[in-house]
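For reference, the structure discussed in these notes is given below.
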Amino acid sequence: MSIDLDAPAREATFVGVSSRRRIKNGVATALVGFAFLVALVPLAWVIISVLAKGTGAVLSAEWWTQSLNGLLARQQGGGAYHAIIGTLFQGLVCAAIATPIGVMVAVYLVEYGGTSRLARAATFMVDILTGVPSIVAALFIYAVWISIFGLGRSAFAVSLALVLLMVPVVVRSSEEMLRIVPDDLREASYALGVPKWKTIMKVVIPTALSGMLTGIVLALARVMGETAPVLILVAYAPYINFNIFEGNMASLPLLMTVERNNPTDAGADRVWGAAITLILIITIFQLLAAFLSKLTAPKTR
């Protein structure tokens, strides 16, 4: 029996792609590309419309340095400084409360909870909060903060309502980031005698910090544009108010809602100017998230 020494040791595992599979792949690629373009058209349309109608207002220096205090509805001029301050105050207070709560819940679910009843209950409640409309969160805070405790409408009440909307997003994003941390890192730390809490603080969280920061900033950008909480829990003020616990305070969503009822050209300019200002603020937060994500990402070759 002769043996062909030039023959391969085994048959090739990869065979040529058939024409039928090439056609299916091409059709699927075309459909995905078409779906992407269909989704991109309304987004581009909205951005172009806002830029075309709101650029004139935001290019004025008064828009960033003055409020609408003392101006009549039909008068041109003034700015959104008071609304920008209110939006940032409400959003940052919300983030200061929601971020530690969301991160600690995520750490418990991943590192400690396991399949316990408390962990299952927490997961169930987070799932419920994820689908709660903003107006329901606002009505809940109104019932507790104003009706039961007897406290007045304020920007802080708005921040509490936004916390209910931000916490589940922070929990879900942080939980996913913590779960993708390799168990080998935890086991190596335990093998060196490091306690579990210190392993979480020094190994697990720093490894997942990049994705966690991105999720936190994205959650903040989501809640900053909510309108229902500001309509129910605080009244509009055309002047600047730096006290979030007392008095009326404007915000960009509230400014757009109020000026939408203004039939003059001044009202339309303010609505579109507030819209593009809110987009710019959210874009800045997105860029900040990308920068922090790159800055805190694990250094690898």
(request) Pull out a ≥ b ≥ c, the square roots of the eigenvalues of the alpha-carbon gyration tensor of the stretch 27-156, then state rounded if a/c is under 1.5, prolate if not and a/b is larger than b/c, and oblate in the remaining case. (result) oblate
(request) Just read off the accessible area of Val27 with the full protein assembly in place, 1.4 Å probe, to the nearest 10 Å². (result) 80
(request) Report the accessible area of Thr257, computed with a 1.4 Å probe over the heavy atoms of all protein chains in place, in Å² rounded to the nearest 10. (result) 50
(message) Using the Cα centre of the stretch 82-177 as the reference point, and only Cβ charges (+1 on K/R, -1 on D/E), how large is the resulting charge dipole? Debye, rounded to the nearest 20.
(response) 220
(message) Just to check, using Stokes-Einstein with a Kirkwood Rh over alpha carbon pairs, what's the diffusion coefficient of the chain at 20 °C and 1.002 mPa s in µm²/s?
(response) 93
(request) Can you tell me the FRET efficiency between Thr115 and Leu139 if r is taken as the Cβ-Cβ distance and R0 is 35 Å, rounded to the nearest 0.05? (result) 0.55
(message) Residues of the stretch 78-104 with the amide nitrogen closer than 15 Å to a label point 7 Å from the Cα of Trp197, along Cα-to-Cβ, please.
(response) 104
(request) From largest accessible area down, sort Ser18, Ser173; use a 1.4 Å probe on the protein chains. (result) Ser18, Ser173
(message) Less than 12 Å from a label point 7 Å out along the Cα-to-Cβ axis of Ala96: which backbone N atoms in the stretch 151-171 qualify, by residue?
(response) 156
(message) Can you list the DSSP H helices in the chain whose Cα atoms extend at least 24 Å along the helix axis and whose mean Kyte-Doolittle hydropathy is -0.5 or higher?
(response) 19-58, 81-107, 155-179, 205-223, 265-296
(request) Round to the nearest 10 and report in Å² the accessible area of Arg179, as given by a 1.4 Å probe over the protein chains' heavy atoms. (result) 130
(message) Let me spell out the model: positive unit charges on the Cβ of Lys and Arg, negative unit charges on the Cβ of Asp and Glu, origin at the Cα centre of the chain. What dipole size does that give, in debye rounded to 20?
(response) 320
(request) Rank these residues by their accessible area, most exposed first, probe 1.4 Å: Lys196, Lys202. (result) Lys202, Lys196
(request) For Ile48, Ile232, write out the residues from largest to smallest accessible area, computed with a 1.4 angstrom probe and no ligands counted. (result) Ile48, Ile232
(message) Below 15 angstrom from the Cβ of Ala28, what's the summed charge of the other residues (Lys, Arg +1; Asp, Glu -1)?
(response) +4
(request) Distance between Cα centroids, the stretch 79-118 to the stretch 225-265: provide it in whole Å. (result) 23
(request) Write out the GluC sites (Glu not before Pro) in the stretch 79-178 meeting two conditions: DSSP loop, and at most 16 other Cβ atoms within 10 Å of their Cβ. (result) none
(message) Tell me the mean residue ellipticity at 222 nm calculated for the chain from its helices only (DSSP H runs of n ≥ 4, each -39500 (n - 2.57), averaged over every residue, nearest 500).
(response) -22000 deg cm²/dmol
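The values are calculated or read from the model by the stated rules, or taken from the named source; none is laboratory data. All of these numbers come straight from a predicted model, not from anything done at the bench. Neighbour counts are summed over all protein chains in view; Cβ atoms, including those assigned to glycine, are modelled from backbone coordinates with ideal geometry. SASA here: full protein model, heavy atoms, side chains in, ligands and nucleic acids out. Shrake-Rupley method; radii C 1.70, N 1.55, O 1.52, S 1.80 Å.
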